[in-house]
Each structure stands twice: as structure tokens, then as C-alpha cells.
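J.: A single structure is presented below for examination.
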Amino acid sequence: MTRYFVYDVFTKTPFGGNQLAVIPDATALRDADLQDIAREFNYSETTFVYPASDPAHTAKVRIFTPTMEIPFAGHPIIGTALALRDEGHQGDMTLELGIGPIPCRFNEDAAAFTTSAPLERIAEPDVSLVAKSLGLPIDAIDMSAHAPLQASLGLPFVITALRHDDDLAACSTSIDAIKEGANRYPAGLDFALYAYVRSGETINARMFAPLDNIPEDPATGSAAATLAALLTEIAGSPRSLTIHQGVSMGRPSVISAETTTSPAQVTISGSAIRTMQGELLT
């Protein structure tokens, strides 16, 4: 039998944060079954852990959404690292992902990972289409720091600043508009939208990727990393952000994002708690 764990990530409270299924030893599973298993859990991501290719590393981790395998995502790294630590791994670790090795470290009940991936500016989507996709009037979008930008540190998101928390709360996605966005601006995710409101170093955010079977995500570490890199690039100085997400879903999450400029790096950190465990019967 193959064991699995369920972690709530970017929270210290059970049934908050973002759910993650972790298969701590996936070596007995058929490759063809991995997508079906991820679809069965139906969380935003499921991770499958294998022996590392490089003996200097800790493990190889494959990440699946309900619809596809992806090379990088934030809460799966945090949750998988803490799961491996809970299973007895001692000290810091390096996880092999699709984008390459990611170093992870620990501080009590929290884990952190650092990425040096460069910020990729993919496209500047039409502002009216972004507003329509979010179900908002165009004047709800805050253009003072940047226009909506499709950007990536490993996964692409349409990063969109909004003027007020009321605008963030009012988001109601339009599937037809998002389909148009996916056709006009194709990327690894189908026009995934990351909307945020900033007050100093505090961010309130929501993420929508309905075409990838994620109507809304309660915590998105990869998008938080991309936003942190973007704001650092705009300011030309390091950022220290606290990002709140999932509040509207009843699954509040807290993500910490720290950046440096020389070298350009983003560190994402957060807690996670195991809530369920069991065995796959197939």
C-alpha cells in the first residue's frame, strides 16, 4: 500500500490554508496513474516524492494539479518539505523540481524555500479583458505601480493591482472572458489571475484559475513569489511582504515573502499542519 498525507499549508490552524496531498514514497505507483490520483484528491496540487537524481539532494518532487503536471508551485514545496521532516528527515534539504533544485530550510513549525529564477515578463494583457475576467469595472484596477502583467518565476499569473479591499471582495470571475484571455495570452496556466491590494508591506490577495479546475486558491506561494519579485524590481530595493489570502473562502492563509536584489532572490516561508493520512488502495 502507498501512504498519503494531507497538509493544510500556510496556516497553523487545521482546516485553514491550502490543502495539499503528499505521497511521501511514490515509487510503487504507475506513472500513468499520477494524474488520476491528483484528480481524485482534487486539491489545487498533489505531490509525489521519489529518490533524488543527485545524491547530494534530498528528494525529487513531481507536482500535479487536477489537470496537469507543473514544474513549480509554492505551497507544495512548503508542505512537502514539512511532510518529509515529519517523517524523520533531519536538517535542511534540497528538493528537485521541474524548474531545478530548490533549497529549503526550517524554523520550528515553518519551512522556507528560496528561488533565484529570473522574473519573466510574458505579456501585458488588455486591461478591459482583465477587468471583465475578474467581474470588475475597469476603474477598480490600480495602474499607479504597474499595469496588469502576465509574469512568471516558474508558473505564469496575471498580476493585477486593485484599488480597494472592497474591489478584491467583489471579484466574480467570468469564464468566457478567462477563456478569451487564455486564447489571446497562452501560457502554462490558462490565464490564471492573481489580484491584490497593497497597504505598505501588507498584501491582501486572491487567485483564480477556473480553467485549470481551481475556481479559487486559498494560498498561492508561486504567485506570491512572482508578485514579490515584481514589486522588488519596480522599487529597486528589497521587499518584506506579508500576504493574506483565502479569507473569502474561509481558509485564511499567511505567506511571508522576502526578497534581495544582489543576488535577485525570493524566499517564501510559511507553516503547515498535517490533518489527514491514509493509504491508496489501488
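J.: Given the criterion out of contact with any strand residue (DSSP E or B) (no Cβ under 6 Å at 6 or more places or on another chain) and among the β-branched types (V, I, T), identify the matching residue among I234, I203, I243, I255.
T.: Only one candidate qualifies: I234.
J.: Now for a different question. So for region 68-82 (the condition being in the same structural domain as A56 (by TED's automatic domain parsing), part of a strand (DSSP E or B) and in contact (Cβ under 8 Å) with a residue 12 or more places away in the chain), does at least one residue qualify?
T.: Of region 68-82, the ones in the same structural domain as A56 (by TED's automatic domain parsing) are 68-82.
Those left that are additionally part of a strand (DSSP E or B): 69-70.
The next check asks that each one be in contact (Cβ under 8 Å) with a residue 12 or more places away in the chain; those that pass are 69-70.
Yes, the conditions are met somewhere in region 68-82.
J.: Something else: Kindly indicate which of A117, A131 is out of contact with any Asp or Glu (no Cβ under 6 Å at 6 or more places or on another chain), surrounded by 15 or more Cβ atoms within 10 Å (Cβ to Cβ) and at pLDDT below 95.
T.: A117
J.: Out of (1) among the β-branched types (V, I, T); (2) closer than 23 Å to Y194 by Cβ; (3) in contact with a Pro (Cβ under 7 Å, 6 or more places away or on another chain); (4) at pLDDT 95 or above, the odd one out for T94 is which?
T.: (2)
J.: Scan A195, A225, A219, A177 and give me the residue that is in contact with a Ser or Thr (Cβ under 7 Å, 6 or more places away or on another chain), buried (at least 17 other Cβ atoms within 10 Å of the Cβ), in a loop (DSSP other than H, G, I, E, B) and in the same structural domain as P263 (by TED's automatic domain parsing).
T.: A219
J.: Oh, and also: Working carefully through the options T27, T46, find the one that is at pLDDT 95 or above, surrounded by fewer than 14 Cβ atoms within 10 Å (Cβ to Cβ) and of a type in the set (V, I, T).
T.: Every option except T27 fails the conditions.
J.: Suppose we filter A161, A205, A192 for residues that are within 22 Å of T232 (Cβ to Cβ) and either among the polar types (S, T, N, Q) or over 15 Å from the mean Cα position of the chain (by Cα) (or both); which single one remains?
T.: Step by step, each of A161, A205, A192 is checked, and only A161 is within 22 Å of T232 (Cβ to Cβ) and either among the polar types (S, T, N, Q) or over 15 Å from the mean Cα position of the chain (by Cα) (or both).
J.: Follow-up question, since we're still on this one. Suppose we keep only residues that are part of a strand (DSSP E or B) and out of contact with any Phe, Trp or Tyr (no Cβ under 6 Å at 6 or more places or on another chain) within region 242-253. Which one would you say is surrounded by the most Cβ atoms within 10 Å (Cβ to Cβ)?
T.: Q245
J.: Looking at region 134-161, which of the residues that are over 10 Å from Y194 (Cα atoms), among the small types (G, A, S) and in contact with an Asp or Glu (Cβ under 8 Å, 6 or more places away or on another chain) is surrounded by the fewest Cβ atoms within 10 Å (Cβ to Cβ)?
T.: Looking at residues that are over 10 Å from Y194 (Cα atoms), among the small types (G, A, S) and in contact with an Asp or Glu (Cβ under 8 Å, 6 or more places away or on another chain), I get A147.
J.: Within region 135-169, how many residues are within 19 Å of D212 (Cα to Cα), assigned to a loop (DSSP other than H, G, I, E, B) and either of a type in the set (G, A, S) or modelled with pLDDT of 95 or more (or both)?
T.: So the count comes out to 2.
J.: What do you reckon, is S237 touching a residue at least 24 places away in the same chain (Cβ under 8 Å), more than 20 Å from F157 (Cα to Cα) and not assigned by TED's automatic domain parsing to the domain that holds A38?
T.: Working: touching a residue at least 24 places away in the same chain (Cβ under 8 Å): yes; more than 20 Å from F157 (Cα to Cα): yes; not assigned by TED's automatic domain parsing to the domain that holds A38: yes.
The answer is yes for S237.
J.: Then there's this: Can you tell me which residue in region 257-270 is farthest from the chain's Cα centre (by Cα), limited to those that are in contact (Cβ under 8 Å) with a residue 40 or more places away in the chain and surrounded by fewer than 23 Cβ atoms within 10 Å (Cβ to Cβ)? Write out each step before concluding.
T.: First, pick out the residues of region 257-270 that are in contact (Cβ under 8 Å) with a residue 40 or more places away in the chain: 263-270.
Subset that is surrounded by fewer than 23 Cβ atoms within 10 Å (Cβ to Cβ): 263-265, 267, 269.
On the way: P263: 22, A264: 19, Q265: 17, T267: 13, S269: 12 Å.
Only one residue fits best here, namely P263.
The values are calculated or read from the model by the stated rules, or taken from the named source; none is laboratory data. Everything numeric here is computed off the predicted structure, so don't read it as measured data. Virtual Cβ from ideal backbone geometry, glycine too; neighbours counted across all protein chains shown.
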